[in-house]
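The values are calculated or read from the model by the stated rules, or taken from the named source; none is laboratory data. Since the model is a prediction, treat every value here as computed from it, not as a measurement. We place every Cβ from the backbone using ideal geometry, glycine too, and count neighbours over all the protein chains shown. Accessible surface areas use protein heavy atoms only, side chains included; no ligands, DNA or RNA. Shrake-Rupley method; radii C 1.70, N 1.55, O 1.52, S 1.80 Å.
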Amino acid sequence: MIGLDSSLVWLRRDLRLHDQAALYRALKSSSRVHVVFVFDTAILDSLPSRADRRVEFIHGSVVALKRELEALGATLHVLHGPAPKRLPEFARDRKVQAVFCSRDYEPAAIRRDAAVAQALAGMGIAFHAGKDQVVFEQDEVLTQGGKPYTVFTPYKNAWLKKLGPFYLKPYPVQAYLGALAQSPPATMPTLAEIGFARTNLAELGIRPGEAGARGLFEDFLARINNYKQARDFPAVRGPSYLSVHLRFGTISIRELASTALGIGGAGAEAWLAELIWREFYQQLLWHHPRVAAGHCYQSEFEAIAWPNPPGHFQAWCEARTGYPLVDAALRQLNQTGYLHNRLRMVAASFLVKDLLVDWRLGEGYFADKLIDFDLASNSGGWQWAASVGCDAQPWFRIFNPVTQSEKFDPEGKFIRRYLPELAQVPGKHIHAPWTMPEKLQAACGVKIGRDYPAPIVAHGIQREKALALYKAARGGPPPADE
Ligand SMILES: Cc1cc2nc3c(=O)[nH]c(=O)nc-3n(C[C@H](O)[C@H](O)[C@H](O)COP(=O)(O)OP(=O)(O)OC[C@H]3O[C@@H](n4cnc5c(N)ncnc54)[C@H](O)[C@@H]3O)c2cc1C
(Lines give C-alpha, C1' and ligand atoms only; values in the text may rest on other atoms or scores of the structure.)
Protein backbone atom coordinates (compact mmCIF):
# COMPACT_ATOMS: atom_id res chain seq x y z
CA MET A 1 0.00 0.00 0.00
CA ILE A 2 2.93 2.34 0.66
CA GLY A 3 4.06 4.45 -2.25
CA LEU A 4 0.77 5.07 -4.06
CA ASP A 5 0.81 7.95 -6.44
CA SER A 6 -2.72 9.06 -5.74
CA SER A 7 -5.65 7.89 -3.70
CA LEU A 8 -9.02 9.02 -2.51
CA VAL A 9 -10.67 9.18 0.90
CA TRP A 10 -14.40 8.60 0.87
CA LEU A 11 -15.95 10.20 3.96
CA ARG A 12 -19.18 8.80 5.40
CA ARG A 13 -19.64 8.59 9.17
CA ASP A 14 -16.29 10.26 9.87
CA LEU A 15 -16.83 13.92 8.98
CA ARG A 16 -13.72 15.40 10.58
CA LEU A 17 -10.01 15.93 9.97
CA HIS A 18 -8.75 15.35 13.50
CA ASP A 19 -7.81 11.78 14.54
CA GLN A 20 -9.32 10.51 11.28
CA ALA A 21 -8.30 6.91 10.58
CA ALA A 22 -9.15 6.67 6.86
CA LEU A 23 -7.57 10.01 6.06
CA TYR A 24 -4.46 9.07 8.00
CA ARG A 25 -4.12 5.76 6.16
CA ALA A 26 -4.52 7.45 2.78
CA LEU A 27 -2.16 10.34 3.54
CA LYS A 28 0.49 8.03 4.89
CA SER A 29 0.49 5.78 1.85
CA SER A 30 -0.01 8.20 -1.05
CA SER A 31 1.57 11.30 -2.54
CA ARG A 32 -1.74 12.91 -3.51
CA VAL A 33 -4.98 12.39 -1.63
CA HIS A 34 -8.37 13.61 -2.83
CA VAL A 35 -11.19 13.86 -0.31
CA VAL A 36 -14.75 13.05 -1.37
CA PHE A 37 -18.22 13.05 0.16
CA VAL A 38 -21.26 11.66 -1.67
CA PHE A 39 -24.82 12.75 -0.96
CA ASP A 40 -26.10 9.28 -1.74
CA THR A 41 -29.52 9.39 -3.40
CA ALA A 42 -30.21 5.82 -2.27
CA ILE A 43 -30.25 7.15 1.31
CA LEU A 44 -31.74 10.59 0.63
CA ASP A 45 -34.63 9.21 -1.42
CA SER A 46 -35.64 6.88 1.38
CA LEU A 47 -36.08 9.66 3.96
CA PRO A 48 -39.71 10.38 4.81
CA SER A 49 -39.46 14.19 4.84
CA ARG A 50 -37.72 16.78 2.68
CA ALA A 51 -36.97 18.79 5.83
CA ASP A 52 -34.65 16.46 7.72
CA ARG A 53 -32.39 17.70 10.50
CA ARG A 54 -29.85 14.97 9.76
CA VAL A 55 -29.40 16.06 6.16
CA GLU A 56 -28.99 19.67 7.25
CA PHE A 57 -26.52 18.58 9.95
CA ILE A 58 -24.48 16.58 7.42
CA HIS A 59 -24.62 19.40 4.88
CA GLY A 60 -23.37 21.88 7.50
CA SER A 61 -20.60 19.50 8.60
CA VAL A 62 -19.52 18.98 4.98
CA VAL A 63 -19.42 22.76 4.37
CA ALA A 64 -17.22 23.17 7.48
CA LEU A 65 -14.87 20.40 6.39
CA LYS A 66 -14.60 21.81 2.90
CA ARG A 67 -13.58 25.18 4.33
CA GLU A 68 -10.93 23.54 6.50
CA LEU A 69 -9.52 21.65 3.53
CA GLU A 70 -9.55 24.78 1.40
CA ALA A 71 -7.55 26.62 4.05
CA LEU A 72 -4.92 23.94 3.41
CA GLY A 73 -4.93 24.49 -0.36
CA ALA A 74 -6.96 21.32 -0.98
CA THR A 75 -10.73 20.88 -1.35
CA LEU A 76 -13.59 18.52 -0.65
CA HIS A 77 -15.30 17.05 -3.71
CA VAL A 78 -19.01 16.79 -2.95
CA LEU A 79 -20.93 14.47 -5.26
CA HIS A 80 -24.66 13.83 -5.51
CA GLY A 81 -26.14 10.61 -6.87
CA PRO A 82 -26.06 6.88 -6.20
CA ALA A 83 -22.77 6.25 -4.37
CA PRO A 84 -22.01 2.88 -6.04
CA LYS A 85 -22.00 4.71 -9.39
CA ARG A 86 -20.73 8.21 -8.63
CA LEU A 87 -17.82 7.24 -6.36
CA PRO A 88 -16.14 4.77 -8.77
CA GLU A 89 -16.68 7.20 -11.69
CA PHE A 90 -14.93 9.95 -9.77
CA ALA A 91 -12.10 7.61 -8.72
CA ARG A 92 -11.60 6.60 -12.36
CA ASP A 93 -11.64 10.22 -13.62
CA ARG A 94 -9.01 11.21 -11.05
CA LYS A 95 -6.96 8.13 -11.92
CA VAL A 96 -6.51 7.15 -8.28
CA GLN A 97 -5.01 3.79 -7.35
CA ALA A 98 -6.93 3.24 -4.15
CA VAL A 99 -10.01 4.33 -2.20
CA PHE A 100 -9.83 4.51 1.61
CA CYS A 101 -12.80 4.70 3.95
CA SER A 102 -13.90 3.90 7.51
CA ARG A 103 -15.83 0.69 7.95
CA ASP A 104 -19.60 0.92 8.40
CA TYR A 105 -21.29 -2.02 10.12
CA GLU A 106 -24.91 -1.54 9.02
CA PRO A 107 -26.29 -4.18 6.63
CA ALA A 108 -27.23 -1.67 3.89
CA ALA A 109 -23.82 -0.01 4.13
CA ILE A 110 -22.09 -3.38 3.91
CA ARG A 111 -24.02 -4.13 0.70
CA ARG A 112 -23.25 -0.66 -0.72
CA ASP A 113 -19.55 -1.01 0.06
CA ALA A 114 -19.44 -4.43 -1.57
CA ALA A 115 -20.96 -2.91 -4.73
CA VAL A 116 -18.46 -0.03 -4.70
CA ALA A 117 -15.52 -2.37 -4.08
CA GLN A 118 -16.64 -4.54 -6.99
CA ALA A 119 -17.01 -1.59 -9.36
CA LEU A 120 -13.59 -0.27 -8.32
CA ALA A 121 -11.99 -3.68 -8.74
CA GLY A 122 -13.28 -3.71 -12.31
CA MET A 123 -11.30 -0.51 -12.88
CA GLY A 124 -8.19 -1.85 -11.18
CA ILE A 125 -8.65 0.40 -8.16
CA ALA A 126 -8.18 -1.00 -4.63
CA PHE A 127 -10.74 -0.48 -1.85
CA HIS A 128 -9.53 -0.30 1.76
CA ALA A 129 -12.03 -0.06 4.63
CA GLY A 130 -10.66 0.19 8.18
CA LYS A 131 -11.79 0.75 11.74
CA ASP A 132 -12.62 4.25 12.92
CA GLN A 133 -16.01 4.71 14.56
CA VAL A 134 -15.54 2.23 17.41
CA VAL A 135 -12.71 1.43 19.80
CA PHE A 136 -13.31 -2.30 19.33
CA GLU A 137 -14.87 -3.93 16.30
CA GLN A 138 -17.19 -6.92 16.25
CA ASP A 139 -14.55 -9.62 16.65
CA GLU A 140 -12.14 -7.83 18.93
CA VAL A 141 -14.04 -8.45 22.17
CA LEU A 142 -15.26 -12.04 22.32
CA THR A 143 -15.94 -14.54 25.09
CA GLN A 144 -13.25 -17.04 26.03
CA GLY A 145 -15.04 -19.47 23.75
CA GLY A 146 -14.63 -17.04 20.86
CA LYS A 147 -18.33 -16.16 20.74
CA PRO A 148 -19.89 -12.68 20.68
CA TYR A 149 -21.14 -11.42 24.04
CA THR A 150 -24.89 -11.22 24.55
CA VAL A 151 -24.87 -9.76 28.07
CA PHE A 152 -23.61 -6.23 28.61
CA THR A 153 -21.71 -6.40 31.94
CA PRO A 154 -19.29 -9.18 30.96
CA TYR A 155 -18.87 -7.46 27.58
CA LYS A 156 -18.02 -4.20 29.33
CA ASN A 157 -15.55 -5.95 31.64
CA ALA A 158 -13.82 -7.67 28.72
CA TRP A 159 -13.82 -4.38 26.75
CA LEU A 160 -12.15 -2.54 29.64
CA LYS A 161 -9.68 -5.36 30.20
CA LYS A 162 -8.57 -5.32 26.59
CA LEU A 163 -8.25 -1.55 26.49
CA GLY A 164 -4.70 -0.26 26.40
CA PRO A 165 -3.15 3.02 25.20
CA PHE A 166 -2.62 1.49 21.74
CA TYR A 167 -6.37 1.39 21.04
CA LEU A 168 -6.91 5.02 22.00
CA LYS A 169 -3.89 6.55 20.29
CA PRO A 170 -5.01 9.37 17.99
CA TYR A 171 -4.10 9.13 14.31
CA PRO A 172 -1.59 11.95 13.76
CA VAL A 173 -3.24 13.30 10.61
CA GLN A 174 -1.73 16.78 10.99
CA ALA A 175 1.80 15.52 10.33
CA TYR A 176 0.82 14.21 6.88
CA LEU A 177 -1.47 16.95 5.54
CA GLY A 178 1.19 17.84 2.96
CA ALA A 179 -0.03 14.86 0.93
CA LEU A 180 -3.47 16.39 0.33
CA ALA A 181 -4.02 16.96 -3.40
CA GLN A 182 -3.85 20.72 -3.95
CA SER A 183 -6.86 21.96 -5.84
CA PRO A 184 -8.97 25.05 -6.43
CA PRO A 185 -12.21 24.98 -4.41
CA ALA A 186 -14.69 22.52 -5.92
CA THR A 187 -18.33 23.49 -6.33
CA MET A 188 -20.79 22.02 -3.91
CA PRO A 189 -24.58 21.58 -4.13
CA THR A 190 -26.70 23.62 -1.74
CA LEU A 191 -29.17 21.94 0.57
CA ALA A 192 -31.95 22.95 -1.83
CA GLU A 193 -30.05 21.49 -4.79
CA ILE A 194 -30.00 18.08 -3.14
CA GLY A 195 -33.74 18.44 -2.59
CA PHE A 196 -33.94 19.44 1.08
CA ALA A 197 -35.18 22.42 3.06
CA ARG A 198 -33.72 24.04 6.13
CA THR A 199 -35.07 22.89 9.50
CA ASN A 200 -34.85 24.48 12.95
CA LEU A 201 -31.24 23.34 13.64
CA ALA A 202 -29.90 26.87 14.05
CA GLU A 203 -32.82 27.85 16.26
CA LEU A 204 -32.11 24.79 18.43
CA GLY A 205 -28.46 25.81 18.72
CA ILE A 206 -27.28 22.53 17.15
CA ARG A 207 -23.95 23.37 15.53
CA PRO A 208 -22.71 20.85 12.98
CA GLY A 209 -19.10 19.88 12.31
CA GLU A 210 -16.06 19.45 14.47
CA ALA A 211 -16.49 22.89 16.03
CA GLY A 212 -20.00 21.96 17.17
CA ALA A 213 -18.77 18.71 18.69
CA ARG A 214 -15.85 20.37 20.42
CA GLY A 215 -18.09 23.04 21.96
CA LEU A 216 -20.42 20.41 23.38
CA PHE A 217 -17.60 18.23 24.65
CA GLU A 218 -15.93 21.13 26.48
CA ASP A 219 -19.25 22.08 28.04
CA PHE A 220 -19.78 18.48 29.11
CA LEU A 221 -16.30 18.10 30.61
CA ALA A 222 -17.18 20.81 33.11
CA ARG A 223 -20.16 18.63 34.17
CA ILE A 224 -18.85 15.11 33.69
CA ASN A 225 -18.29 14.51 37.42
CA ASN A 226 -22.03 14.98 37.99
CA TYR A 227 -23.06 12.75 35.07
CA LYS A 228 -23.99 9.76 37.19
CA GLN A 229 -26.44 11.73 39.34
CA ALA A 230 -27.71 14.16 36.71
CA ARG A 231 -28.11 11.91 33.67
CA ASP A 232 -31.54 10.58 34.60
CA PHE A 233 -33.32 13.91 35.01
CA PRO A 234 -34.49 15.31 31.69
CA ALA A 235 -35.00 18.85 33.02
CA VAL A 236 -31.32 19.02 33.96
CA ARG A 237 -28.37 19.46 31.58
CA GLY A 238 -26.93 16.07 32.53
CA PRO A 239 -25.80 14.17 29.43
CA SER A 240 -23.33 15.28 26.76
CA TYR A 241 -25.74 15.69 23.79
CA LEU A 242 -22.91 14.32 21.64
CA SER A 243 -24.93 11.51 20.06
CA VAL A 244 -25.43 13.24 16.70
CA HIS A 245 -21.70 13.96 16.55
CA LEU A 246 -20.86 10.36 17.35
CA ARG A 247 -23.31 9.29 14.67
CA PHE A 248 -21.64 11.33 11.96
CA GLY A 249 -18.10 11.15 13.30
CA THR A 250 -17.56 14.86 13.85
CA ILE A 251 -15.61 13.83 16.95
CA SER A 252 -13.39 10.82 17.47
CA ILE A 253 -14.52 7.99 19.75
CA ARG A 254 -10.88 7.49 20.77
CA GLU A 255 -10.66 11.06 22.00
CA LEU A 256 -13.89 10.73 23.99
CA ALA A 257 -12.96 7.40 25.56
CA SER A 258 -9.41 8.39 26.44
CA THR A 259 -10.53 11.69 27.97
CA ALA A 260 -13.12 9.89 30.12
CA LEU A 261 -10.55 7.33 31.16
CA GLY A 262 -8.06 10.05 32.06
CA ILE A 263 -10.59 11.92 34.20
CA GLY A 264 -11.76 8.81 36.04
CA GLY A 265 -14.20 8.84 38.96
CA ALA A 266 -17.84 7.80 39.10
CA GLY A 267 -19.14 10.33 36.54
CA ALA A 268 -16.58 9.63 33.82
CA GLU A 269 -16.82 5.88 34.42
CA ALA A 270 -20.60 5.92 34.05
CA TRP A 271 -20.24 7.91 30.84
CA LEU A 272 -17.60 5.56 29.45
CA ALA A 273 -20.02 2.71 30.16
CA GLU A 274 -22.54 4.39 27.83
CA LEU A 275 -19.93 4.59 25.09
CA ILE A 276 -19.41 0.86 25.65
CA TRP A 277 -23.18 0.23 25.34
CA ARG A 278 -22.89 1.84 21.91
CA GLU A 279 -20.24 -0.69 20.90
CA PHE A 280 -22.15 -3.54 22.52
CA TYR A 281 -25.08 -2.81 20.19
CA GLN A 282 -22.78 -2.33 17.19
CA GLN A 283 -21.23 -5.77 17.63
CA LEU A 284 -24.66 -7.25 18.26
CA LEU A 285 -25.93 -5.83 14.97
CA TRP A 286 -22.93 -7.23 13.13
CA HIS A 287 -23.36 -10.74 14.51
CA HIS A 288 -27.18 -10.72 14.48
CA PRO A 289 -28.29 -8.39 11.67
CA ARG A 290 -31.83 -9.82 11.94
CA VAL A 291 -32.38 -7.73 15.12
CA ALA A 292 -32.38 -4.56 13.06
CA ALA A 293 -34.69 -6.11 10.48
CA GLY A 294 -37.59 -6.29 12.91
CA HIS A 295 -36.83 -9.68 14.45
CA CYS A 296 -36.83 -10.16 18.23
CA TYR A 297 -33.48 -11.31 19.59
CA GLN A 298 -35.52 -13.53 21.96
CA SER A 299 -37.36 -15.31 19.22
CA GLU A 300 -40.15 -16.66 21.46
CA PHE A 301 -41.55 -13.12 21.54
CA GLU A 302 -42.07 -13.13 17.78
CA ALA A 303 -45.30 -14.93 18.67
CA ILE A 304 -46.84 -11.91 20.43
CA ALA A 305 -49.91 -10.75 18.56
CA TRP A 306 -49.73 -7.03 19.28
CA PRO A 307 -53.26 -5.64 19.58
CA ASN A 308 -52.30 -2.24 18.02
CA PRO A 309 -55.59 -0.65 19.16
CA PRO A 310 -56.81 1.86 16.54
CA GLY A 311 -55.61 5.42 17.19
CA HIS A 312 -53.14 4.54 19.93
CA PHE A 313 -49.97 4.77 17.84
CA GLN A 314 -51.10 8.05 16.30
CA ALA A 315 -51.91 9.51 19.73
CA TRP A 316 -48.45 8.54 20.96
CA CYS A 317 -46.73 10.09 17.91
CA GLU A 318 -48.76 13.27 18.31
CA ALA A 319 -48.19 13.56 22.07
CA ARG A 320 -51.89 13.06 22.92
CA THR A 321 -51.77 10.15 25.37
CA GLY A 322 -52.85 12.18 28.40
CA TYR A 323 -49.75 11.06 30.34
CA PRO A 324 -47.71 14.28 30.66
CA LEU A 325 -44.20 12.81 30.80
CA VAL A 326 -44.86 10.65 27.73
CA ASP A 327 -46.42 13.55 25.82
CA ALA A 328 -43.60 15.92 26.80
CA ALA A 329 -41.12 13.31 25.56
CA LEU A 330 -42.82 13.02 22.18
CA ARG A 331 -42.95 16.81 21.90
CA GLN A 332 -39.21 16.99 22.57
CA LEU A 333 -38.60 14.39 19.89
CA ASN A 334 -40.91 16.03 17.35
CA GLN A 335 -39.65 19.56 17.98
CA THR A 336 -35.91 18.89 18.31
CA GLY A 337 -35.01 15.43 16.96
CA TYR A 338 -33.36 14.68 20.31
CA LEU A 339 -34.85 12.72 23.18
CA HIS A 340 -33.36 12.29 26.62
CA ASN A 341 -32.33 8.66 27.31
CA ARG A 342 -34.66 8.25 30.31
CA LEU A 343 -37.53 9.43 28.15
CA ARG A 344 -36.60 7.15 25.26
CA MET A 345 -37.06 4.32 27.77
CA VAL A 346 -40.29 5.71 29.25
CA ALA A 347 -41.86 6.55 25.88
CA ALA A 348 -40.88 3.21 24.36
CA SER A 349 -42.13 1.22 27.33
CA PHE A 350 -45.41 3.14 27.34
CA LEU A 351 -46.05 2.51 23.64
CA VAL A 352 -45.44 -1.20 23.99
CA LYS A 353 -46.63 -2.11 27.47
CA ASP A 354 -49.39 0.45 28.03
CA LEU A 355 -50.70 1.08 24.53
CA LEU A 356 -49.97 -2.51 23.42
CA VAL A 357 -48.56 -1.33 20.10
CA ASP A 358 -45.95 -3.38 18.24
CA TRP A 359 -42.48 -2.07 19.21
CA ARG A 360 -41.47 -2.08 15.54
CA LEU A 361 -43.80 0.86 14.87
CA GLY A 362 -42.11 2.89 17.60
CA GLU A 363 -38.69 1.85 16.37
CA GLY A 364 -39.58 3.10 12.90
CA TYR A 365 -40.93 6.38 14.25
CA PHE A 366 -37.72 7.04 16.19
CA ALA A 367 -35.71 6.10 13.09
CA ASP A 368 -37.53 8.78 11.11
CA LYS A 369 -37.31 11.48 13.75
CA LEU A 370 -34.08 11.10 15.74
CA ILE A 371 -31.23 13.36 14.64
CA ASP A 372 -28.86 10.79 16.17
CA PHE A 373 -30.66 7.79 14.67
CA ASP A 374 -28.34 4.85 14.69
CA LEU A 375 -29.59 1.47 13.50
CA ALA A 376 -27.72 -0.53 16.14
CA SER A 377 -28.54 1.65 19.17
CA ASN A 378 -32.12 2.28 18.13
CA SER A 379 -32.96 -1.35 17.57
CA GLY A 380 -31.04 -2.26 20.73
CA GLY A 381 -32.91 0.39 22.75
CA TRP A 382 -36.33 -0.63 21.44
CA GLN A 383 -35.72 -4.32 21.97
CA TRP A 384 -34.47 -3.51 25.48
CA ALA A 385 -37.61 -1.52 26.32
CA ALA A 386 -39.94 -4.06 24.73
CA SER A 387 -38.15 -6.89 26.59
CA VAL A 388 -37.57 -8.84 23.40
CA GLY A 389 -33.86 -8.07 23.01
CA CYS A 390 -30.52 -9.26 24.13
CA ASP A 391 -29.86 -8.34 27.79
CA ALA A 392 -33.23 -6.54 27.82
CA GLN A 393 -35.48 -5.22 30.56
CA PRO A 394 -37.27 -8.33 31.94
CA TRP A 395 -40.72 -8.58 30.34
CA PHE A 396 -42.56 -8.54 33.68
CA ARG A 397 -40.96 -5.22 34.68
CA ILE A 398 -43.27 -2.49 33.48
CA PHE A 399 -42.60 1.20 34.02
CA ASN A 400 -45.41 3.09 35.69
CA PRO A 401 -45.56 6.34 33.68
CA VAL A 402 -46.75 8.34 36.69
CA THR A 403 -44.13 7.13 39.15
CA GLN A 404 -41.41 7.55 36.50
CA SER A 405 -42.60 11.12 36.14
CA GLU A 406 -42.60 11.73 39.92
CA LYS A 407 -39.14 10.26 40.23
CA PHE A 408 -37.35 11.79 37.26
CA ASP A 409 -39.17 15.09 36.76
CA PRO A 410 -40.19 15.71 40.38
CA GLU A 411 -41.16 19.36 39.95
CA GLY A 412 -42.63 18.84 36.51
CA LYS A 413 -40.10 21.27 35.00
CA PHE A 414 -39.54 19.21 31.87
CA ILE A 415 -43.27 18.62 31.48
CA ARG A 416 -44.05 22.34 31.70
CA ARG A 417 -41.25 23.15 29.22
CA TYR A 418 -42.79 20.98 26.51
CA LEU A 419 -46.44 21.14 27.55
CA PRO A 420 -47.01 24.84 28.22
CA GLU A 421 -50.74 24.11 28.39
CA LEU A 422 -50.03 22.49 31.78
CA ALA A 423 -47.87 25.38 33.06
CA GLN A 424 -50.37 26.41 35.74
CA VAL A 425 -51.13 22.90 37.00
CA PRO A 426 -49.97 22.56 40.62
CA GLY A 427 -47.02 20.25 41.31
CA LYS A 428 -49.26 17.79 43.13
CA HIS A 429 -51.21 17.05 39.95
CA ILE A 430 -48.64 17.67 37.20
CA HIS A 431 -47.82 13.97 36.77
CA ALA A 432 -51.47 12.90 36.57
CA PRO A 433 -53.53 16.01 35.75
CA TRP A 434 -56.76 14.02 35.38
CA THR A 435 -56.76 13.74 39.20
CA MET A 436 -57.48 17.48 39.49
CA PRO A 437 -60.95 18.26 40.77
CA GLU A 438 -63.09 20.24 38.30
CA LYS A 439 -62.80 23.39 40.38
CA LEU A 440 -59.02 23.24 40.31
CA GLN A 441 -59.07 22.57 36.56
CA ALA A 442 -61.07 25.75 36.13
CA ALA A 443 -58.74 27.69 38.44
CA CYS A 444 -55.61 26.72 36.52
CA GLY A 445 -57.22 27.05 33.11
CA VAL A 446 -56.89 23.42 32.01
CA LYS A 447 -60.03 21.44 31.39
CA ILE A 448 -59.06 17.80 31.00
CA GLY A 449 -60.53 16.48 27.77
CA ARG A 450 -60.61 19.96 26.25
CA ASP A 451 -57.24 21.66 26.87
CA TYR A 452 -55.27 18.51 27.53
CA PRO A 453 -56.37 14.92 26.80
CA ALA A 454 -57.76 12.57 29.40
CA PRO A 455 -55.50 9.49 29.66
CA ILE A 456 -56.23 7.24 26.70
CA VAL A 457 -55.65 4.10 28.79
CA ALA A 458 -55.53 3.16 32.48
CA HIS A 459 -52.04 2.00 33.37
CA GLY A 460 -53.17 -0.65 35.89
CA ILE A 461 -55.44 -2.39 33.37
CA GLN A 462 -52.97 -2.19 30.48
CA ARG A 463 -50.19 -3.59 32.64
CA GLU A 464 -52.20 -6.78 33.20
CA LYS A 465 -52.98 -7.07 29.50
CA ALA A 466 -49.30 -6.66 28.62
CA LEU A 467 -48.24 -9.31 31.11
CA ALA A 468 -50.81 -11.67 29.61
CA LEU A 469 -49.40 -11.10 26.11
CA TYR A 470 -45.86 -11.91 27.18
CA LYS A 471 -46.96 -14.90 29.25
CA ALA A 472 -48.91 -16.34 26.34
CA ALA A 473 -45.91 -15.97 24.00
CA ARG A 474 -43.61 -17.66 26.50
CA GLY A 475 -46.14 -20.37 27.17
CA GLY A 476 -46.42 -19.71 30.91
CA PRO A 477 -45.73 -17.49 33.92
CA PRO A 478 -42.23 -16.30 34.86
CA PRO A 479 -40.02 -18.93 36.48
CA ALA A 480 -39.74 -18.62 40.28
CA ASP A 481 -36.27 -17.07 40.12
CA GLU A 482 -37.30 -14.16 37.88
C1 LIG B 1 -35.70 3.20 22.67
C2 LIG B 1 -34.30 3.77 22.54
C3 LIG B 1 -33.83 4.19 21.31
C4 LIG B 1 -32.53 4.72 21.17
N5 LIG B 1 -32.10 5.11 19.93
C6 LIG B 1 -30.84 5.61 19.78
C7 LIG B 1 -30.36 6.01 18.50
O8 LIG B 1 -31.03 5.88 17.48
N9 LIG B 1 -29.11 6.56 18.44
C10 LIG B 1 -28.32 6.70 19.55
O11 LIG B 1 -27.19 7.21 19.44
N12 LIG B 1 -28.73 6.29 20.75
C13 LIG B 1 -29.97 5.76 20.92
N14 LIG B 1 -30.41 5.39 22.16
C15 LIG B 1 -29.47 5.45 23.29
C16 LIG B 1 -29.46 6.76 24.10
O17 LIG B 1 -30.75 7.13 24.47
C18 LIG B 1 -28.81 7.93 23.36
O19 LIG B 1 -27.54 7.54 22.86
C20 LIG B 1 -28.58 9.13 24.28
O21 LIG B 1 -29.79 9.54 24.84
C22 LIG B 1 -27.94 10.25 23.48
O23 LIG B 1 -27.79 11.38 24.27
P24 LIG B 1 -26.37 11.90 24.72
O25 LIG B 1 -25.43 11.98 23.58
O26 LIG B 1 -26.60 13.16 25.49
O27 LIG B 1 -25.92 10.72 25.68
P28 LIG B 1 -24.82 10.58 26.82
O29 LIG B 1 -25.55 10.14 28.03
O30 LIG B 1 -23.95 11.76 26.92
O31 LIG B 1 -23.99 9.32 26.33
C32 LIG B 1 -22.83 9.44 25.50
C33 LIG B 1 -22.95 8.58 24.29
O34 LIG B 1 -23.01 7.20 24.64
C35 LIG B 1 -23.85 6.50 23.73
N36 LIG B 1 -24.99 5.96 24.47
C37 LIG B 1 -25.57 6.48 25.58
N38 LIG B 1 -26.55 5.67 26.01
C39 LIG B 1 -26.62 4.65 25.16
C40 LIG B 1 -27.43 3.49 25.06
N41 LIG B 1 -28.38 3.20 25.95
N42 LIG B 1 -27.23 2.65 24.02
C43 LIG B 1 -26.27 2.90 23.11
N44 LIG B 1 -25.46 3.97 23.15
C45 LIG B 1 -25.63 4.83 24.16
C46 LIG B 1 -24.32 7.51 22.70
O47 LIG B 1 -23.47 7.46 21.59
C48 LIG B 1 -24.19 8.82 23.45
O49 LIG B 1 -24.02 9.93 22.62
C50 LIG B 1 -31.70 4.83 22.32
C51 LIG B 1 -32.18 4.41 23.57
C52 LIG B 1 -33.47 3.89 23.68
C53 LIG B 1 -33.96 3.46 25.03
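The accessible area of residue 207, taken with all protein chains in place and a 1.4 Å probe, comes to roughly 140 Å². When the chain is described by a simple charge dipole with +1 on each Lys and Arg Cβ and -1 on each Asp and Glu Cβ, the residue from 347, 82, 419 located farthest towards its positive end is 419.
How large is the charge dipole for the stretch 4-131, taken about the Cα centre, if only the Cβ atoms of Lys, Arg (+1) and Asp, Glu (-1) carry charge, to the nearest 20 debye? Can you show the working numbers first?
Values: 20 positive and 14 negative charges, 28 e Å.
Dipole magnitude for the stretch 4-131 comes out near 140 debye.
Nonpolar atom fraction for the chain, defined as the carbon and sulfur part of the 1.4 Å probe accessible area, stands at 55 percent. Neighbours of residue 437 by Cβ distance under 15 Å: Lys/Arg scored +1, Asp/Glu scored -1, total +2.
List nothing, just return the count: lysine pairs in the stretch 30-156, 8 or more apart or interchain, with Cα separation under 21 Å. Numbers along the way, then the final one.
Working: 85/95; 131/147; 131/156; 147/156.
Total qualifying Lys-Lys pairs in the stretch 30-156 comes to 4.
Straight-line reach from residue 447: taking Cα to Cα under 16 Å and skipping same-chain neighbours fewer than 8 places apart, the lysines in range are 439.
Placing unit charges on the Cβ atoms only, positive for Lys and Arg and negative for Asp and Glu, gives the chain a dipole magnitude near 280 debye about its Cα centre.
The local environment of residue 223, defined by Cβ-Cβ distances under 13 Å, has a net charge of +1 under the rule Lys, Arg +1 and Asp, Glu -1. Calculated accessible area for the chain comes out at 42 Å² per residue, all protein chains present (probe 1.4 Å; ligands, DNA, RNA ignored).
Dipole of the chain computed with +1 at Lys/Arg Cβ and -1 at Asp/Glu Cβ about the Cα centre; of 376, 141, 11, farthest Cα towards the positive end is 11. Of the residues 283, 160, 472, the one whose Cα sits farthest toward the positive end of the charge dipole of the chain, with +1 on the Cβ of Lys and Arg and -1 on the Cβ of Asp and Glu, is 160. Working ranking of peptides 221-228, 185-192 by packing, defined as the average number of other Cβ atoms within 10 Å per residue, highest first, is 221-228, 185-192. For residue 331, the shell of other residues with beta-carbons less than 11 Å away shows a net charge of -1, using +1 for Lys and Arg and -1 for Asp and Glu.
The distance between label points at residue 67 and residue 153 comes to 4.8 nm (points 7 Å beyond Cα on the Cα→Cβ vector). The H on the amide N of residue 34, modeled in the peptide plane, is under 5 Å from the matching H of 7, 8, 9, 181, each at least 5 residues off or on a different chain.
Within the same chain, aspartates and glutamates fewer than 8 places from residue 28 are excluded, and of the rest, those with a Cα less than 14 Å from its Cα are 5, 19. DSSP bridge analysis restricted to the chain gives an antiparallel fraction near 5%, rounded to the nearest 5.
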